1. Run the quick spin-label model on R40 and D93: label points 7 Å from Cα toward the beta carbon, then report their separation in nm to one decimal.
2. Quick check on packing: order 95-105, 71-81 by the mean number of other C-beta atoms within 10 Å, highest mean leading.
3. How big is the Kirkwood radius of region 21-118, worked out from every pair of different alpha carbons and given in Å to one decimal?
Amino acid sequence: MNIDFPFRIGADGRTRASPEDAKHVRDMIELLLFTQPGERVMRPDFGAGLLQYAFGPNRPELAATLQATIQGALTQWLGDLIELRAVQVESDDATVRATVVYALRASGDVRSDTFTRSST
């Protein structure tokens, strides 16, 4: 069962499932991007910690480091579900935006999703 994100209870009183595999994979990518390493007790190395860079200086070196961090996390934790094609990271004021281009291994469909968070 693919648990829907954000977690909620369905009309039948059970845990709501994600309606499709592509949405579930997108939800997993979002969770991975915005989880801080160390935030999950049983998996301390899980997460890319993207939100911590929202207030950081917007320099090419930081963007390259962040892209490498995200690529590594996606490959490590979701490599069996997706084939990563590209990652682009942008930061404006207190907002960070990551665009991830990937192919679903199950279907071969190529998707491009943008994930945005503001620390305010």
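Here, each number is a calculation from the coordinates, and none is a lab measurement. Being a predicted model, the structure only gives us computed values, none of them experimental. Reconstructed Cβ throughout: ideal geometry from the backbone, glycine too, with neighbour counts over all protein chains shown.
1. 3.2
2. Numbers: 95-105: 18.0, 71-81: 14.8.
Taking the mean over residues of other Cβ atoms within 10 Å, the ranking is 95-105, 71-81.
3. Numbers: mean 1/r = 0.0736 Å⁻¹.
The Cα-based Kirkwood calculation yields 13.6 Å.
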